[in-house]
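Nothing in this text is a laboratory measurement; each read-out follows from the coordinates by a stated rule. What you see is a predicted model, and the numbers here were worked out from it, not measured in a lab. As a convention, Cβ positions derive from the backbone with ideal geometry for all residues, glycine included, and neighbour counts pool all protein chains shown.
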Amino acid sequence: MNYLNPDIKDLTQLGKDKREEYLNADPFPSIVFEDFFNEDVLNQVLADFPDLSKQKEVIAYNNHNEKKFEAKGEKYFSDITKAFTHYLNSQPVLEFLQELTGIKETLLPDPYFVGGGYHEIKPGGLLKVHADFNKHDFTKLDRRINLLVYLNKDWDESYGGHFELWDKSMTKAHKKVLPVFNRVAIFSTTDFSYHGHPDVLTCPPDRSRKSLAFYYYSNGRPKSEISDRTHGTLFVNRAEIKDDVVKEPVTFRDIILDIVPPVLIRTAKQLMGRNKN
């Protein structure tokens, strides 16, 4: 099955051709592609997209009026969606991303879809500006690239839901991307690549903002891209907007990571591993 737009003849070459545009994007490396996938395939993916608010095993972010829903892994994927997502985690796509981003470390997919897969935001919802978690929960690999596939047909500008890219000063969004059908956004994830859609979604009550999210990792990364510790999502305030930040609940794990030196954590894990054996 050809998952790509038939006009894309050489995916790896496309990555090479678009590398400079990607690397020189403002405010951080990113790019947007139009009509990237085979429309027939994506139509079926959209037709099979469930109402996540009515499913039992989903992650629901209802604090601060976010109204965001996220499926866990492949549980609700149809056969065509499963095949499509597996393609996005395959060798041709990884080689394309390697060429596009210029990342030297080998890129790896996430077959667990931790934080990825189906995403849906309901009317009145939003997603505050943030930088993403920097380590995979299971593999401990470094998160490097996000690829977002938008699935919203006949999406009017007035509905909002723009994907926004902000600079470090948080004074303005340098790029705003309307989440229309078959539009793809790709960007590098660092501790300073601030993004989100921070304004309330105003689509009709029978509509929602649907997307598929794919994250890619490497074993190691440049130190300049991250802070000194493993962390979850980092929410940030837009300048001159009061109470704009969202704080995730503080867990015992967060406290340990903050106060215990990494070398002690590694030693404890090694000792526990030995005890199990």
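Sorted fewest first by neighbouring Cβ atoms within 10 angstrom, Ser208, Ser224 come out as Ser224, Ser208. Given their separation in residues at 0.36 nm each and the Cα-Cα distance between them, Ser169 and Asp10 gain 53.4 nm when the chain is fully extended.
By how many nm would the segment from Glu20 to Gln91 grow when fully extended, if each residue of separation counts as 0.36 nm and the alpha-carbon distance is taken off?
Full-extension gain reported as 23.3 nm.
Between Lys223, Lys135, Lys18, the residue with the greatest mean-square fluctuation in the GNM of the chain (Cα pairs under 10 Å linked by springs) is Lys223. Based on Cα contacts under 8 Å between residues 6+ apart, the chain shows a relative contact order of 22 percent. Each Lys and Arg contributes +1 and each Asp and Glu -1, all at the Cβ; summed about the Cα centre of the chain, the dipole is approximately 1180 debye.
Longest span of the chain, sites excluded, free of chymotrypsin sites (Phe, Trp or Tyr not before Pro) in DSSP loop with at most 16 other C-beta atoms within 10 Å? Between exposed loop sites, the widest span is 139-277. Springs between alpha-carbon pairs under 10 angstrom, Gaussian network model over the chain: which of Pro204, Pro179, Pro50 fluctuates most? Maximum fluctuation in the GNM of the chain, among the listed residues, is at Pro204.
If R0 equals 25 Å, the separation of the Cβ atoms of Asp35 and Glu105 corresponds to a calculated FRET efficiency of about 0.25. For Lys67, the lysines whose Cα falls under 18 Å of its own Cα, not counting residues fewer than eight places away in the same chain, are Lys54, Lys56, Lys122, Lys128, Lys210, Lys247. Under 14 Å from a label point set 7 Å out along the Cα-to-Cβ vector of Thr233, the amide N atoms of the stretch 141-172 belong to 164.
Let me spell out the model: positive unit charges on the Cβ of Lys and Arg, negative unit charges on the Cβ of Asp and Glu, origin at the Cα centre of the stretch 86-179. What dipole size does that give, in debye rounded to 20?
The calculation lands at about 320 debye.
Going through (i) 16.2; (ii) 27.3; (iii) 19.4, the figure that equals mean projected area of the Cα convex hull in nm² as computed for the structure here is (i).
Here the stretch 182-245 and the stretch 149-165 have alpha carbon centers that stand 15 Å from each other.
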